[in-house]
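Chemist: Would you mind keeping the following structure in view while I ask a few things?
The values are calculated or read from the model by the stated rules, or taken from the named source; none is laboratory data. Because the structure is predicted, anything quoted here is derived from the model rather than measured. No Cβ is skipped: glycine too gets one built from the backbone with ideal geometry, and neighbour counts run over all protein chains shown. Protein only, heavy atoms only, side chains kept; ligands, DNA and RNA dropped before computing areas. Shrake-Rupley method; radii C 1.70, N 1.55, O 1.52, S 1.80 Å.
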Protein chains: 2
Amino acid sequence: MKELHTTTLADQAEEKIIGYIKENHLVPGDALPNEMQFSEMMGISRNVVREAMSRLRMLGLIESRTKRGIIVTEPPLLNGFKKVLDPQLLSIETIKDMMGMRIALEVGITDFIFTNITDNDIKELYEIVARQKALGINSLSAEDEIKFHLKIYQIAGNQFILKFQELMHPIFSFSEQNHENYFKPISQRLKKENKIVTHADILEFIKKGDREGYRKAISMHLQPYLEFLYNYQHK
Amino acid sequence: MKELHTTTLADQAEEKIIGYIKENHLVPGDALPNEMQFSEMMGISRNVVREAMSRLRMLGLIESRTKRGIIVTEPPLLNGFKKVLDPQLLSIETIKDMMGMRIALEVGITDFIFTNITDNDIKELYEIVARQKALGINSLSAEDEIKFHLKIYQIAGNQFILKFQELMHPIFSFSEQNHENYFKPISQRLKKENKIVTHADILEFIKKGDREGYRKAISMHLQPYLEFLYNYQHK
DNA sequence: TCACTACATTTGTCCTACAAATAGGTATTA
DNA sequence: TAATACCTATTTGTAGGACAAATGTAGTGA
């Protein structure tokens, strides 16, 4: 774990401020020393302290207001994660890993879904599926595709997972478009082999209360991603 | 989604630099304009640009070296996530959500495990379990508890999930300690009802190649967390 | 051609200054 | 006395200048 590039004073200041919060057991709402005090405590310029503070402010660990000073806040967990999710910047390997995570999550929330689901949820799912069917099997709009899965995640009732999934989604749609000539043959083959699992199929398992069936169905539904992550070779 | 506090110039600069990377389709290795150029482009002082750069550098989106300038890098996805994972700062609701995620992930990677596992992996798991047994059922050391699950995640072969799990783990052990008087009764009750699923039990399902059995077993093994997240009421 | 040197550029750090916001105290008034 | 209006001191946000350190680059000499 050694540093490739020398750590700057801003890096050190950041660590010390985080350390200060932990050591003094500060909790959201508590005040931090102001910039000048940190500057003097560490023997560095205020500019550098500000760089560190700016980082923590971006992560949502602190908020600062004129005169009032700086206060600790409960950080939104995924502030930083959101900013680095640019498909242009991520390697294929990383995107594969994210697809794996998506599959694991969507299969893994099965029990939560069956625990939490209400009749009204099922009704809403039927509406989404009906709208898709009305548009015809071939014009499966991306919008309704998203809506169905989004609803599934909402039913699971875990805000963290929901947010996480929403953030990852653009990566997948980008990848599907970018590797269209890879995904299309997979879909066509599955169709020929009659292995396509539609949202309507999945919904039936939910209605019947068949967890194992649902798990297998959602897994098959995500099969294209699975094949991508196991088989795709970068040029 | 409206802003509670006025966005600072540093916030805007950060957005613009990220925007610059996206619009110009920069990829890791490409160079960015230097600080003065950004400063002039945006009509703001170099200090502010540096604050924004400092944030991006922390996230791992860029690296900068004297004279060479600033280059785009492939960001480690979880740099920011890691820094906000302080159990002292997170609400019970957030921690519950994280536990839910942990359960979903560990159940959800079942298929990956059974796809990837080798005889050698099984052997290693047996060694971990044997060491636990040798120490006696009551002195189930936290270390071996961690090792078993860590090995499971390694077998799944997804670096992102592995890293994610490693980062979340301290939150769980903190929570177990912090709410010890909540977790202990659950364990005792499960023991009385003979519903304790040990690592040895789990391992048997792996050996037999019984996915469904494994899924149920790992789920039962994580039952205390599940009960916590469903039942725990904050004072 | 190659090694060495000098130079120019760019980041990292420090300093000073001031505007804007505002908490907290003070004076004023009903 | 109590409520209100005003003042002042403090603190963040922003600007701009300065210089050290690092290092690519060009130029020099063998």
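Chemist: Multiply the residue gap between A:H169 and A:M36 by 0.36 nm, knock off their C-alpha separation, and tell me the result in nm, one decimal place.
Modeler: 43.6 nm
Chemist: Going by the rotation axis that takes chain B to chain A, pick out the residue of B with the closest C-beta and quote the gap in whole Å.
Modeler: B:G80, 1
Chemist: What whole-number distance in Å separates the alpha-carbon centres of the stretch B:15-57 and the stretch B:65-130?
Modeler: 30
Chemist: Checking the a/c ratio against 1.5 first, then a/b against b/c, what shape does the Cα gyration tensor give for the stretch A:9-72?
Modeler: Since a/c stays below 1.5, the shape of the stretch A:9-72 is classed as rounded.
Chemist: Return the subset of A:K96/B:K16; A:K195/B:K207; A:K192/B:K151 for which the Cα-Cα distance in this structure is over 32 Å, preserving the input order.
Modeler: Check vs 32 Å cut-off fails for A:K192/B:K151.
Chemist: Right, next: Could you please state, rounded to a whole Å, how far the C-alpha centre of the stretch A:140-170 is from the C-alpha centre of the stretch A:177-235?
Modeler: Here the answer is 16 Å between Cα centres.
Chemist: Report relative contact order for chain B in percent, whole number only (criteria: Cα-Cα under 8 Å, sequence separation at least 6).
Modeler: Details: 190 pairs, mean separation 43.8, N = 235.
Answer for chain B is 19 percent.
Chemist: Now a separate question. Along Cα→Cβ at 7 Å, what distances in nm separate the B:K195 label point from those on the other copies, shortest first?
Modeler: 3.7
Chemist: Could you give, in nm with one decimal, how far A:N178 is from each other copy of that position, shortest first, with labels 7 Å out from Cα toward Cβ?
Modeler: 3.7
Chemist: Ok, one more. Rounded if a/c is under 1.5, else prolate if a/b is larger than b/c, else oblate: which is the stretch B:80-231, with a ≥ b ≥ c the root eigenvalues of its Cα gyration tensor?
Modeler: Cα axes put the stretch B:80-231 in the oblate bin.
Chemist: List, in order, the whole-Hz ³J(HN,Hα) value for each residue of the stretch B:170-179 obtained from phi through the Karplus relation with A = 6.51, B = -1.76, C = 1.60 and θ = phi - 60°; use x for Gly and Pro.
Modeler: Each residue's phi maps through the Karplus curve to give x, 4, 5, 5, 4, 5, 4, 5, 5, 10 Hz.
Chemist: Can you tally the net charge around A:L89? Count Lys and Arg as +1, Asp and Glu as -1, for every other residue whose Cβ sits under 14 Å from the Cβ of A:L89.
Modeler: Cβ neighbours under 14 Å give a net charge of -3.
Chemist: What are the ³J(HN,Hα) values, in whole Hz, obtained from phi via the Karplus relation 6.51 cos²θ - 1.76 cosθ + 1.60 with θ = phi - 60°, for each residue of the stretch B:189-202 in sequence order, with x given for Gly and Pro?
Modeler: After applying 6.51 cos²θ - 1.76 cosθ + 1.60, I find 5, 4, 5, 4, 7, 6, 10, 6, 10, 8, 4, 4, 4, 4 Hz.
Chemist: Would you tally the net charge around B:M53, using a Cβ to Cβ cut-off of less than 11 Å, leaving B:M53 out, and scoring K and R as +1, D and E as -1?
Modeler: With Lys, Arg at +1 and Asp, Glu at -1, the net is 0.
Chemist: Would you work out if the protein assembly as shown is rounded, prolate or oblate? Take a ≥ b ≥ c from the square roots of the eigenvalues of the alpha-carbon gyration tensor; rounded if a/c is under 1.5, else prolate when a/b is larger than b/c, oblate otherwise.
Modeler: Oblate, since a/c reaches 1.5 and b/c is not below a/b.
Chemist: Counting alpha carbon pairs within less than 8 Å and at least 6 residues apart, what relative contact order, in whole percent, applies to the stretch A:58-151?
Modeler: It comes to 15 percent, rounded to a whole number.
Chemist: Compare B:M168, A:M220, A:M41 by solvent-accessible area with a 1.4 Å probe and give them largest first, with all protein chains kept in place.
Modeler: So the residues, ranked largest to smallest area, are A:M41, A:M220, B:M168.
Chemist: Here's something else I'd like to know. In nm, what does the list of distances from B:T115 to its counterparts in the other copies look like, shortest first, when each label sits 7 Å along Cα to Cβ?
Modeler: For B:T115, the other copies' label points sit at 2.6 nm, shortest first.
Chemist: Which ³J(HN,Hα) values in Hz, rounded to whole numbers, follow from the phi angles of the stretch A:78-83 under the Karplus curve 6.51 cos²θ - 1.76 cosθ + 1.60, where θ = phi - 60° and Gly and Pro get x?
Modeler: My calculation for the stretch A:78-83 gives 10, 3, x, 3, 4, 6 Hz in order.
Chemist: Straight distance only, please: which aspartates and glutamates reach the Cα of B:K82 with their own Cα at less than 13 Å, same-chain residues fewer than 8 apart left out?
Modeler: Within reach: A:E15, B:E166.
Chemist: How charged is the neighbourhood of B:Q154? Take every other residue with its Cβ under 12 Å from the Cβ of B:Q154, and add Lys/Arg as +1 and Asp/Glu as -1.
Modeler: On the way: positive: B:K147, B:K151, B:K163; negative: B:D121, B:E124, B:E166.
Its environment carries a net charge of 0.
Chemist: Given H placed 1.01 Å from N in the peptide plane, which residues other than close sequence neighbours of A:L77 have an amide H under 5 Å from its amide H?
Modeler: HN-HN under 5 Å from A:L77: empty list.
Chemist: Taking H as built 1.01 Å from N, whose amide H comes closer than 5 Å to the amide H of B:L32, not counting residues under 5 places away?
Modeler: B:I70, B:I71, B:V72
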